[in-house]
Amino acid sequence: MSAGGERILIRGGRIVDPASGFDERGDLAIADGRVAGVVRAPEGFAPDRVLEAAGLVVCPGLVDLAARLREPGHEHKGTVASETRAAAAGGVTTLCCPPDTDPVIDTPAVVELVRRLARGAGHARVVCLGALTRGLDGERLSEMAALAEAGCVGVGNGRRPVPNTLVLRRAMEYAATFGLTVHIHPMDAWLRDGGCAHEGAVAARLGLPGIPEAAETAEVARCLALVEQTGVRAHFGRVSTARAVRMIARARYDGLPVTADVAAAHLHLTEADLAGFNAEAHLEPPLRTERDREGLREGLARGVLAAVCSDHEPHEPDAKLAPFPSTEVGASGLETLLPLVLRLVDEGVLTLPQAIERLTAGPAAVLGLEAGTLAEGARADVCVFDPAAEWRLDPERMVSAGRNTPFAGWTLKGRVRWTLLEGRVVWEAD
Amino acid sequence: MSGASLQVDERGRLRHFLTVEGLGRELLTEILDTAESFAGVTEQTVKKVPLLRGKTIVNLFFEASTRTRTTFELAAKRLSADVLNINVSASATTKGETLLDTLRNLEAMHVDMFVVRHADSGAAHFIARHVRPHVSVVNAGDGRHAHPTQALLDAFTIRRRKGRFEDLVVAIVGDILHSRVARSQIHALNTLGTGEVRVVAPRTLLPAHVEDLGVHVFHRMEDGLREADVVIMLRLQKERMRGAHLPSEHEYFRLYGLTEERLGLARPDAIVMHPGPINRGIELESRVADGPRSVILEQVEHGIAVRMAIMSMTMRTAQGGAA
């Protein structure tokens, strides 16, 4: 089927489009892969297909700032095809792939490879972050201009450090030359040492090597000083401490061009979830304290944190079958992203439009993408979900190749009914 | 919370022995009482009881150890079990065999109990979660997390010497941060109702929120020793100097080394303990180590009886109360 060939009418849903400040019941008309009409279909619109959305929410397809698809390099954990299908199941239509694939995304060829795989699969749009340094070695600049031309939406060093502050400064200056946003994983490698859990009461008890709060705040402080010096646009990915949120809030207040996001798991779990050496809760950055979780929620509500991401990291079962410190970090998160953010609406942290904004327009703005909106003429990336549907998360029924989740057995609320990518239904729940 | 339900069966009996945390006072007392009954065995000319005859126990050590492995081996032999010592060097595991594969291979040989030492915190829990139902796991030290048999033999030694825990002041001195021994001792002493448990160390050798474990924190040795009934010195690893935890052994001994003079601040009948192996002139001077108040060699001796108690109790539970 040619892209956008079908005319679709999504009828009678609650249309929530935070980008245009829109929240009304009505119809959404889609033609030629774009939004043709909001609330009322254009005169004489004859749909090929009608999706009945009474009682459902119709919002822009979600934009995810961090999802590892494992291809190229780690296909035993997942592939672009398997993980973009999980994205579609989770209502995610655009996702951003960090550069730490194997080979690293430090040449246009790898960008092209990922894009071609994604286009071939057709479940979701994949954009890439390019490597900040060649091979992520933290020492030599990557060919950022070429990466920008190849379509990278920003540059970053994955989770690998750039120990030399002069190299980091030059990398930021060079990125700024081409208008590239630098994505930062705020973690000081030395303070992190061999840590695998938040340095606090739980790690003390379990004897797990700790990662102190200062591993995050020290790196945020170093980067903020360089942002001020270089004027580069910077994005702090996966903030985990309340103190870092306050530092970023202050920097934004001072007018620095910085944004930040948080992973969905960190808005719900804490260090206490490591009890019994639960390897599913072995995440990076580590789950921190109750106070940090509250600080993250508050930062999200106030807009200091512009986005919630899945921080999707699918693994094969063996990756988690070892003593806690030897297990691999991360959780498969694409399919729990929406319900975990909706849970914050139930808990009174966010309004529904705010929740949707942090999953759509917020992250789209960080990436500078034309996505995350249902304005007339916009690309018809749409998520239609039932906000009242409750379901129990059974890892065996996940779409992702990775069944590693700390939320197994949780009763979640909010289920995706349809996902549309450029006017095409790419996911339909049975 | 950390493993209590995993190591105790529905009737409250010891199924595995992974950590002291979460075990009740009654159960710890039962272990000490059982050990007391075995202490007699080790003093007889025929030092054997047939409790575990026909059982196979594997000492599965992923980290080097002489003392702990030897006392486990002796304990098993005195219970008439067959013992297999397996030292899995780091290189063998990096060749690709996972911990689970190693375990499955040994299980296929019809092992009844694993005594495990591993560099990762949580390793014993992990193994206990994956063994067959009738197999018991005893933790012989996992990372920085726990060394519960050491803690129990220390408690046994204290009870034999002092006869009680209620009004005792126990000072644990040294590298608490990296010490699985200290963590288990703190849980054991608190559960047994010890009057006051203190830790004495510079801040670089204390974990964050250490006071949440139920201890009073001292940075000055002189303050920490005052009126103490029991002084437990921990081993200081040489690596701590490289990791910038300490400037030098010299300064450590000057500030935290146990000398005769400092020991004078403790109660006149205070005893000195050490899990071994000791570093003379770093943690304590020889006059103290070999002095009348040192019970360091008694600890080693008691290790056998305490491990016999724990092995027989867990095995009895795991295999249906027959023994």
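Where a number appears in this text, it was derived from the coordinates with a stated rule and is not lab data. These numbers come from a predicted model, not from an experiment. A quick note on method: Cβ atoms are made from the backbone with ideal geometry, for glycine too, and the neighbour counts reach across all protein chains shown.
Treating r as the C-beta distance of A:Arg140 and A:Arg252 and R0 as 30 Å, the FRET efficiency rounds to 0.45. Treating each Cα of segment B:148-296 as one equal point scatterer and applying the Debye formula with no solvent, the log10 of I(q)/I(0) at q = 0.09 Å⁻¹ comes out as -0.23. Other protein chain C-beta atoms within 10 Å of residue C-beta, averaged over B:139-149: 3. What are the lysines whose alpha-carbon lies under 30 Å from the alpha-carbon of B:Lys47, with same-chain residues fewer than 8 places away excluded? The reachable lysines, counting only those whose Cα sits under 30 Å from B:Lys47, are B:Lys55, B:Lys77, B:Lys162.
Over segment B:148-296, calculate the relative contact order: mean separation of alpha carbon pairs under 8 Å at least 6 apart, over the residue count, as a percent.
Working: 270 pairs, mean separation 34.5, N = 149.
Computed over segment B:148-296, the figure is 23 percent.
Taking amide H atoms as placed 1.01 Å from N in the peptide plane, the amide H of B:Ser136 lies under 5 Å from those of B:Met113, B:Phe114, each 5 or more residues away in sequence or on another chain. Considering only A:Leu305, A:Leu180, A:Leu369, the Gaussian network model of chain A with Cα springs below 10 Å gives its largest mean-square fluctuation to A:Leu369. Among residues other than A:Phe277 with Cβ under 15 Å from its Cβ, the summed charge is -1 (Lys and Arg +1, Asp and Glu -1). Of the peptides A:160-168, B:140-148, the ranking by mean beta-carbon count within 10 Å, highest at the top, reads B:140-148, A:160-168.
So how do B:Met109, A:Met172 line up by other beta-carbon neighbours within 10 Å, fewest first? Walk me through the numbers on the way to the answer.
Details: B:Met109 9, A:Met172 25.
Placing the least packed residue first, the sequence is B:Met109, A:Met172.
Counting only alpha carbon atoms, the long axis of helix A:337-346 and the longest principal axis of chain A meet at about 80°.
Each residue, B:Thr204 and B:Thr66, gets one label point 7 Å from its Cα in the Cβ direction; the gap between the two is 2.9 nm.
Taking amide H as placed 1.01 Å from N in the peptide plane, B:Ser294 has its amide H under 5 Å from the amide H of B:Val272, each at least 5 places away in sequence or on another chain. Note on chain A: with a GNM built from Cα contacts shorter than 10 Å, the maximum mean-square fluctuation among A:Gly158, A:Gly33, A:Gly44 falls on A:Gly44. What nm value, rounded to one decimal, do you get for the distance between B:Thr42 and B:His219 when each label is placed 7 Å out toward the C-beta? Calculated label separation equals 4.0 nm. Using the Karplus relation 6.51 cos²θ - 1.76 cosθ + 1.60 with θ = phi - 60°, the per-residue 3J(HN,Hα) values for segment A:381-393 come to 8, 9, 10, 10, 9, 9, x, 9, 5, 9, 8, 9, 7 Hz, with x marking Gly and Pro. With the simple spin-label model, which puts each label point 7 Å out from Cα in the Cβ direction, the B:Asn105 to A:Glu328 separation comes to 2.3 nm. Top mean-square fluctuation among A:Leu321, A:Leu287, A:Leu51, Gaussian network model of chain A, C-alpha springs under 10 Å? Looking only at A:Leu321, A:Leu287, A:Leu51, the biggest GNM fluctuation is shown by A:Leu321.
Taking chain A as the reference, fit the longest principal axis to its C-alpha atoms, fit the long axis of helix A:290-302 to the helix C-alpha atoms, and give the angle between the two in degrees, 0 to 90, nearest 10. Taking the Cα atoms of chain A, the angle to A:290-302 is about 50 degrees.
Based on C-alpha pairs under 8 angstrom that are at least 6 apart in sequence, chain A has a relative contact order of 20 percent.
Can you give me the orientation-averaged projected area of the convex hull built on the Cα atoms of segment A:61-367, in nm²? Intermediate values should be presented prior to the final figure.
Details: hull surface 55.7 nm².
Taking the Cα atoms of segment A:61-367, their convex hull projects to 13.9 nm² on average.
Working note: Karplus 6.51/-1.76/1.60 with θ = phi - 60° gives segment A:305-315 the couplings 8, 7, 8, 10, 10, 7, 6, 5, 9, x, 10 Hz, where Gly and Pro are set to x. Per-residue shielding of B:209-216, expressed as the average number of other chain Cβ atoms within 10 Å of the residue Cβ, stands at 3. Averaging Cα coordinates gives a centre for segment B:126-201 and one for segment B:279-323; these two points are 11 Å apart. Each Cα pair under 8 Å and six or more residues apart adds its sequence gap; the mean of these over the residue count of segment A:331-405 is a relative contact order of 35 percent.
Fewest to most neighbouring Cβ within 10 Å: what's the order for A:Phe407, B:Phe126, A:Phe22? Don't skip to the end; give the middle numbers.
On the way: A:Phe407 21, B:Phe126 25, A:Phe22 17.
Lowest to highest Cβ neighbour count: A:Phe22, A:Phe407, B:Phe126.
Peptide A:195-206 is shielded by partner chain Cβ atoms: per residue, an average of 6 of them sit within 10 Å of its Cβ. Charge tally for A:Ala67 (other residues, Cβ to Cβ under 14 Å; Lys, Arg +1; Asp, Glu -1): -2. Neighbour counts of other Cβ atoms within 10 Å put B:Glu97, B:Glu239 in the fewest-to-most order B:Glu239, B:Glu97. Once the C-beta distance of A:Asn164 and B:Asp290 is scaled by a Förster radius of 51 Å, the resulting FRET efficiency is 0.45 to the nearest 0.05.
The angle separating the long axis of helix A:242-253 from the principal Cα axis of greatest extent in chain A is about 70 degrees. Taking Lys and Arg as +1 and Asp and Glu as -1, the other residues whose beta-carbon sits under 15 Å from that of A:Trp190 total -1. Computed from backbone phi with θ = phi - 60° and the Karplus coefficients 6.51, -1.76 and 1.60, the 3J(HN,Hα) list for segment A:83-92 is 7, 6, 5, 4, 4, 4, 5, x, x, 8 Hz; x is used for glycine and proline.
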